[in-house]
Amino acid sequence: MRDMPQFIDRADAGRRLAVALAYQREAPVVLALPRGGVPVAFEIAISLRAPLDLLLVGKIGAPGYAECAIGAVVDGGRPQHVINERMLKQFGVSPDYFEKEVARQLVEIERRRQAYLADREPIDLKSRNVILVDDGIATGATVKAGLKALRSAGVASVTLAVPVAPEDMLDELRSDVDGVVCLYTPADFCAVGLHYADFDQTSDEEVIDLLRRSEQVRA
């Protein structure tokens, strides 16, 4: 019999993560992986009185299985991408398919940037301490692409903060970060959403509202 969900919703998970991150002495930059990571990151940013921004990453889904990540891409002057070689082989994905999906995701990332941030300048991350937040980790492709981009941006440190993830995936990511805060590592991990009572999709409107509210709190 599967355990009861650990979290009421993303806001509940964010408040609990904020408690676990209270040791932060210098106000970090809190970066959310949209869209699901934003409600979690919002609660952390409010609690730590830290600026909130987005790290826009596009997940490359397997043919016919969009939610099954075979890689991910982060935009920028030199877009960064990662490939899950095991999943690539499992689905028999061709290089041509992957390249086309990268291009498609970069277009979607630009759409989200305009929708969420409009003309707002991104926070300068150079030499800053960053907390990277998502609502959970499954394959790790999105987080890996994000971490690759952060290192290229010259951040001082990165703490990965997620409510739930499989322990083996966290072990795989530890060498890429300076710290990991994860509240729950189930032995029988199947999907992130199973550990939330409410895991409705986060809308674009909610992302925009939370970013606006975070700026008002710090004003």
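Considering each residue of the range 129-150 in turn, none proves to be of a type in the set (K, R) and more than 14 Å from L33 (Cβ to Cβ). Restricting L183, L211 to residues that are under 26 Å from N129 (Cα atoms), of a type in the set (A, V, I, L, M), touching a helix residue (DSSP H, G or I) at 6+ places or on another chain (Cβ under 9 Å) and assigned to a helix (DSSP H, G or I) narrows the list to L211.
From the list E67, E121, E99, E108, pick out the single residue that is loosely packed, with under 14 Cβ neighbours inside 10 Å, of a type in the set (D, E) and in a helix (DSSP H, G or I).
E99
Results for (1) of a type in the set (S, T, Y); (2) in contact with a helix residue (DSSP H, G or I) (Cβ under 6 Å, 6 or more places away or on another chain); (3) at pLDDT 90 or above, shown as yes or no for each residue.
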residue	(1), (2), (3)
N84	no, yes, no
K89	no, no, no
D96	no, no, yes
S127	yes, no, yes
G136	no, yes, yes
A145	no, no, no
E172	no, no, yes
S175	yes, no, yes
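If you filter the range 7-26 down to residues that are of a type in the set (A, V, I, L, M, F, W, C), modelled with pLDDT of 95 or more and surrounded by fewer than 19 Cβ atoms within 10 Å (Cβ to Cβ), you find that the one that is nearest to R49 (Cα to Cα) is V19. Among residues of the range 51-61 being modelled with pLDDT of 90 or more and of a type outside the set (V, I, T), the one that is farthest from V107 (Cα to Cα) is P51.
When T139, T159 are checked against the criterion of being crowded, with 18+ Cβ neighbours inside 10 Å and part of a loop (DSSP other than H, G, I, E, B), a single residue qualifies: T139.
The values are calculated or read from the model by the stated rules, or taken from the named source; none is laboratory data. Quick caveat, the model's predicted, so the values are computed rather than measured. Note that each Cβ is placed from the backbone with ideal geometry, even for glycine, and that neighbours are counted across all protein chains shown.
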